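Shown next, in structure tokens, is the structure this report addresses.
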Amino acid sequence: MLTLSPAPHIHNGDSVRRNMLNVVIAMLPAYLVSLYYFGFRALCVSLISIVSCLLFEFLIQKFILKGDCTLGNMSALVTGMLLAFNLPSNLPWWIVVIGALVAIGIGKMTFGGLGNNPFNPALVGRVFLLISFPAQMTTWPRPMAMNLDFNYFDAETGATTLSMLKGGFGEIPSLTQMLFGEMGGSLGEVSAIALLIGLVYLLATKTITWHIPVSILVTVFAMTGIFYLVDPETYANPLVHLLSGGLLLGAIFMATDYVTSPMTHKGQLIYGFGIGLITCVIRLWGAYPEGMSFAILIMNAATPLINNYVKPTRFGAKEKGGKR
């Protein structure tokens, strides 16, 4: 009997669940740093986000799409963690729940679930909250080492590094503080070293390739470096741009999303360059101090065009030079 089935016909033992588990493991260093600096608040926001994402996916899959439970592939868990990583640690619980509903309900399940969503679900939820609740989403608790304060709402707040750059006020944290996480920001973006450890793990396990994160970081470093050399009084050191805000978090964990990023390495380089360029334009001249989330979503929309532009020649078809 001849069995016909779609590609792929060679399987290497990989799976969605395994890749998602690797992403979760890679996020643990950054999560531990957030617990160290933001304590009980970070724990609350992350648990609310994860539980809400799992619950909404289960309910939508069961009662609206009427399909099998998809929680086993761990994609909802990853979305919940990434959404929490993009939120301040004192965000009211009900806003976190709304963000989870938008991320799963609109960003993911509306299009049919995992594999069909054109935009990164966690970023859809994050940008929705940023536009809908700008005051709450831009109030950043100050990091405190070994934070044992169990008061959720009453926390000393301050500006992020990028807000200081945009507004021209405050003392910019040192590069050492940025590396280890002693600066204001969302849960998952404060420690560059923790995020880079996650990147090394993802590359070592071949969960992602270097093309997207490296192309983003090189683009941002080159563009901000040029302006810094031209006018160092106006523009910040490119290392500040690399280590602050959501650049590393987005480049490592969200821009590399399999579903919403290009399939070919050449396409991934174009995609990463576009994200880096848009991020710099927003950071340097836009109204928002941070542009990473918007840049990724914009390039998510461009992914089908990139895939069409750089798609490989079909097996047996002639290339432009006449070769098969």
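The values are calculated or read from the model by the stated rules, or taken from the named source; none is laboratory data. Just so it is clear, the structure is predicted and the values come from calculations on it, not from any experiment. Quick reminder, even Gly has a Cβ in these numbers, built from the backbone with ideal geometry, and neighbours come from all protein chains shown.
Does at least one position in region 218-238 carry a residue that is part of a helix (DSSP H, G or I), of a type outside the set (D, E, K, R), under 23 Å from Pro29 (Cα atoms) and at pLDDT 95 or above? So far as region 218-238 goes, no, none of its residues is part of a helix (DSSP H, G or I), of a type outside the set (D, E, K, R), under 23 Å from Pro29 (Cα atoms) and at pLDDT 95 or above.
Does Thr209 satisfy the criteria of being touching a residue at least 40 places away in the same chain (Cβ under 8 Å) and surrounded by fewer than 20 Cβ atoms within 10 Å (Cβ to Cβ)? For Thr209, the condition - touching a residue at least 40 places away in the same chain (Cβ under 8 Å) and surrounded by fewer than 20 Cβ atoms within 10 Å (Cβ to Cβ) - is met. Restricting region 306-318 to residues that are assigned to a loop (DSSP other than H, G, I, E, B) and surrounded by 10 or more Cβ atoms within 10 Å (Cβ to Cβ), the residue that is modelled with the lowest pLDDT is Lys318.
Suppose we filter region 231-258 for residues that are charged (D, E, K, R) and surrounded by fewer than 21 Cβ atoms within 10 Å (Cβ to Cβ); how many remain? The qualifying residues number 2. Of everything in region 32-48, what is touching a Leu at 6+ places or on another chain (Cβ under 6 Å) and either among the hydrophobic types (A, V, I, L, M, F, W, C) or free of Cβ contacts under 8 Å to residues at least 12 places away in the same chain (or both)? Give them in sequence order. Of everything in region 32-48, those that are touching a Leu at 6+ places or on another chain (Cβ under 6 Å) and either among the hydrophobic types (A, V, I, L, M, F, W, C) or free of Cβ contacts under 8 Å to residues at least 12 places away in the same chain (or both) turn out to be Ala42, Val45. Of the residues Thr176, Thr207, the single one that is among the hydroxyl-bearing types (Ser, Thr, Tyr) and either at pLDDT 90 or above or touching a Cys at 6+ places or on another chain (Cβ under 9 Å) (or both) is Thr207.
A quick yes/no check of all residues on (1) under 18 Å from the mean Cα position of the chain (by Cα); (2) surrounded by 20 or more Cβ atoms within 10 Å (Cβ to Cβ); (3) modelled with pLDDT of 95 or more; (4) aromatic (Phe, Trp, Tyr):
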site	(1), (2), (3), (4)
Leu4	no, no, no, no
Phe40	no, no, no, yes
Cys53	yes, yes, yes, no
Ile64	no, no, no, no
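On inspection, Ala287 does not qualify as surrounded by 15 or more Cβ atoms within 10 Å (Cβ to Cβ) and small (Gly, Ala, Ser). Every listed requirement among (1) buried (at least 24 other Cβ atoms within 10 Å of the Cβ); (2) closer than 11 Å to Leu217 by Cβ is met by Ser261 save one, (2).
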